[in-house]
Amino acid sequence: MTRRDPINRAQRALDRPARERYATRRLAFESGGATCRGVLHLPASTDEPPLVVLAPDVGAERTAGLPAVAERLAAAGYAAFTFDYRGFGGSDGTDRRIAPARQRADLAAAADRAQRVDAVGRETVLWGAGLGAANAFRLAGERTDVDAAMAVTPILDGRAFLRRNRGTKQFLRAVAAGVRDRVGGWAGAGVEVPIVGDPEANAVVTGPGAKRAYLDLVDRESDWRNATPARSLLALARFGVGDALDGVRVPALLLAGTDDAQAPASEAERAADALPNATLVRMPADHWSPYAVDFEPAIGHQLAFLRDALEH
């Protein structure tokens, strides 16, 4: 029997569509001088389906919950492309920085590659998890070939994200680690921090329950490593969508969890007010449960939005 991807603790109980309802195709593309890789899910019974390109969350690989989303999208008649950023998962590179601008370039290159597949239709949707949502919205405002944008528990303000779940001293400690890494990197002695850690850890993602929930989505056969250069913290502190939301004229979905300690629903509400054509869905979920125990209602909202936005 072919291995079902992913295999992780959080998604063991999900209802997965029959393998006969979709096909998969591995794709590679160039971004910033490196080869990135991903998997395109194609529906078995739909000709030229709309394309959904899925951007992973902060520090995550594409296998961290996204293949289950892609399967359900494909079973519903959409082509869904999951990919790894440079330095992560199956993509080339050893630099595992969380660099929003660089990863936005990877998302743009991923969309360009998937659009060239003959079996894919002309409509394109950019979909982002957490931090990936900010890049999906920015690109949706910059490109003329995007028909909709979707955000699941979106992280839209990097500085607010870093300050959340940590006190002033812990925030300053994070910034100091980033500065040491930048200075030490010039001398070949960089500093790493965990991507996700316990509340007291000097990690990118922290807070009560965050470490367990994040790690439960990591594919058990992945070689994902819980470490990133500390300068990732500096990049996040400078990152935000700002006024870019004003340029997003296409239909946009914001799926917010009312129990999300990483990206509070209030942040998604403010973004929805700034977007000209937004659909805001608030549901009882935390940052990662839309891929786990709250998967069914979350994917239901996403499919309903796609049907309305694309009239598909």
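The values are calculated or read from the model by the stated rules, or taken from the named source; none is laboratory data. As the structure is a computational prediction, the values presented were derived from the model and not from experiment. So basically every Cβ, Gly included, is an ideal-geometry build from the backbone, and we count neighbours across all protein chains shown.
For the stretch 15-44, the set of residues classified as closer than 14 Å to Pro67 by Cα, buried (at least 16 other Cβ atoms within 10 Å of the Cβ) and in contact (Cβ under 8 Å) with a residue 60 or more places away in the chain consists of Gly38, Leu40, Leu42, listed by residue number. Looking across the stretch 129-146, the residues that are within 14 Å of the chain's Cα centre (by Cα), touching a residue at least 60 places away in the same chain (Cβ under 8 Å) and farther than 14 Å from Phe305 by Cβ come down to Ala129, Gly130, Leu131, Gly132, Ala134, Asn135, Phe137, Arg138. Which pairs do you get when a residue that is within 12 Å of Ala201 (Cα to Cα), found in the stretch 163-177, comes within reach of a residue that is part of a helix (DSSP H, G or I) and among the basic types (Lys, Arg), reach meaning Cβ atoms under 8 angstrom, with the pair 6+ apart or on two chains? Once the first residue is within 12 Å of Ala201 (Cα to Cα) and sits in the stretch 163-177, its partners that are part of a helix (DSSP H, G or I) and among the basic types (Lys, Arg) give Phe171/Arg163. Yes or no: the stretch 220-228 includes at least one residue that is farther than 25 Å from Val293 by Cα and surrounded by fewer than 22 Cβ atoms within 10 Å (Cβ to Cβ). Yes, the conditions are met somewhere in the stretch 220-228. Checking the structure you have, find out if any residue of the stretch 49-56 is touching a helix residue (DSSP H, G or I) at 6+ places or on another chain (Cβ under 9 Å) and within 27 Å of Asp181 (Cβ to Cβ). Looking through the stretch 49-56, at least one residue is touching a helix residue (DSSP H, G or I) at 6+ places or on another chain (Cβ under 9 Å) and within 27 Å of Asp181 (Cβ to Cβ). Every condition in (1) under 19 Å from the mean Cα position of the chain (by Cα); (2) buried (at least 17 other Cβ atoms within 10 Å of the Cβ) is met by Ala261 except one, and the failing one is (2).
Considering the conditions (1) at pLDDT 95 or above; (2) over 24 Å from Ala151 (Cβ atoms); (3) not polar (S, T, N, Q), Ala76 is excluded by exactly one of them, (2). Residues in the stretch 63-108 that are closer than 21 Å to Trp288 by Cα, charged (D, E, K, R), in contact with a helix residue (DSSP H, G or I) (Cβ under 8 Å, 6 or more places away or on another chain) and assigned to a loop (DSSP other than H, G, I, E, B): 0 in all. Note on the stretch 272-282: among residues that are touching a helix residue (DSSP H, G or I) at 6+ places or on another chain (Cβ under 6 Å) and under 17 Å from Gly130 (Cβ atoms), the one that is surrounded by the fewest Cβ atoms within 10 Å (Cβ to Cβ) is Arg282. Being under 23 Å from the mean Cα position of the chain (by Cα), farther than 16 Å from Ser232 by Cβ, modelled with pLDDT of 90 or more and part of a helix (DSSP H, G or I) is the requirement here; does Ala149 meet it? Taking the combined requirement at face value, the residue does not satisfy it.
For residues in the stretch 64-96 being touching a Gly at 6+ places or on another chain (Cβ under 7 Å) and not polar (S, T, N, Q), which is surrounded by the fewest Cβ atoms within 10 Å (Cβ to Cβ)? Across the stretch 64-96, the extreme among qualifying residues is Asp95.
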